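Have a look at the structure that comes next, please.
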Amino acid sequence: MAEYASSRSRPNGRAAGRPVKRERFAEEVATELRDMILAGTLALGERIDQDAVAEAHGMSRLPVREALIALEQEGLVVNTPRRGAYVAQLTPEDVHDQYEVYGLVAGIAAARAAERLSAAEIADLRRAHEQFVKARGGAAQQRSNEEFHRIINRVAGSRLRSTLGLLARSLPSHHYMFDSEWAKLAQHHHEQVLVAIERRDPAKARAAMTEHLVASGHQAVVALTGKGFWSGPRAR
């Protein structure tokens, strides 16, 4: 963690030391550390130097501790009394499990979409899928993928959407999304979900969405393994 200040990314371009409200800062730090963990910038088992994080942002340790508590609740960090915070020792099984749980919850949303989406919304879903197919990678494919899932999830109810958001935040999807193999498989699964929704078949929509995300979990593990994600500090 000694290299935190130099290695961390600043996606919003904010210079270190600029004051922000504590709540916003805690959320920002949690997002940044989450991205660094899932990208492998912070290795499994590595100690997170709270002082270095706070200094890099020009803030006190309190919002940093709040961020680490939030990440512990997501299973990404372990806070050890008198020893500090460490990146959790994630395993391939952990990633598979997380995607399976996410798939089960997303399957509920897809089933509800089959029952609740209007004809116009289903037409929008078809357009999002067609744009995904045409995009062939890059930001355009990312946008169409997000739109496809957004249309489905928006009829799920606020509490279910909140649960989906919590689960999605700690998925290492950026390691595999939008490469050619993932795109081909996602295209196939999206078509299955879409057809089930068009036919007003909630059971098939639910099964297809769950299958889609379980398969994505497998691809995440393959991608992470290829990048040496599971290697790193182990002893604490």
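Taking the 0 to 90 degree range and rounding to the nearest ten, how far is the long axis of helix 202-226 tilted relative to the main principal axis of the chain, both from C-alpha atoms?
Between the helix axis and the principal axis of the chain, the angle is about 40 degrees.
Using 5 Å bins from zero, what percent of all Cα-Cα pairs in the chain falls into each bin?
Taking every Cα pair in the chain, the percentages come to 1, 7, 13, 16, 16, 14, 12, 10, 6, 3, 1, 0.
Separate question: Give the residue from PRO172, PRO92, GLY137 lying farthest towards the positive end of the charge dipole for region 89-223; charges sit on Cβ (+1 for Lys and Arg, -1 for Asp and Glu) and the dipole is referred to the Cα centre.
Going by the charge dipole, the pick is GLY137.
Just how large is the dipole of the chain about the Cα centre, in debye to the nearest 20, putting +1 at every Lys and Arg Cβ and -1 at every Asp and Glu Cβ?
Roughly 480 debye, rounded to the nearest 20.
Another one. Output the 0 to 90 degree angle, nearest 10, between the alpha-carbon long axis of helix 22-39 and the longest principal axis computed from the alpha carbons of the chain.
Orientation of helix 22-39: about 80 degrees from the principal axis.
In Å, the Kirkwood hydrodynamic radius of region 92-226 over pairs of distinct alpha carbons?
Every distinct Cα pair counted, the radius reaches 14.6 Å.
Normalised by the number of residues in the chain, what is the relative contact order in percent for Cα pairs under 8 Å and 6+ residues apart?
Reported relative contact order: 26 percent.
In deg cm²/dmol and to the nearest 500, what is the mean residue ellipticity at 222 nm of the chain if only DSSP H runs of at least 4 residues count, each as -39500 (n - 2.57), divided by the residue total?
Value at 222 nm, helices only: -22000 deg cm²/dmol.
Report the one residue of VAL78, GLY226, ALA56 whose Cα lies farthest in the direction of the positive end of the charge dipole of the chain (charges on C-beta: Lys and Arg +1, Asp and Glu -1; origin at the Cα centre).
ALA56
Can you list the aspartates and glutamates whose alpha carbon sits under 15 Å from that of LYS204, skipping same-chain ones fewer than 8 residues off?
Partners found: GLU115, GLU191.
Restricting to Cα pairs below 8 Å that are 6+ residues apart, what does the relative contact order work out to for region 92-226? Please round to a whole percent.
Worked out over region 92-226, it gives 45 percent.
Just so you know, all these numbers are worked out from the coordinates, no wet-lab data involved. The model shown is predicted, which means the values in this text are computed figures rather than measured ones. With ideal geometry, Cβ positions are generated from the backbone for all residues, glycine too; neighbour counts draw on all protein chains shown.
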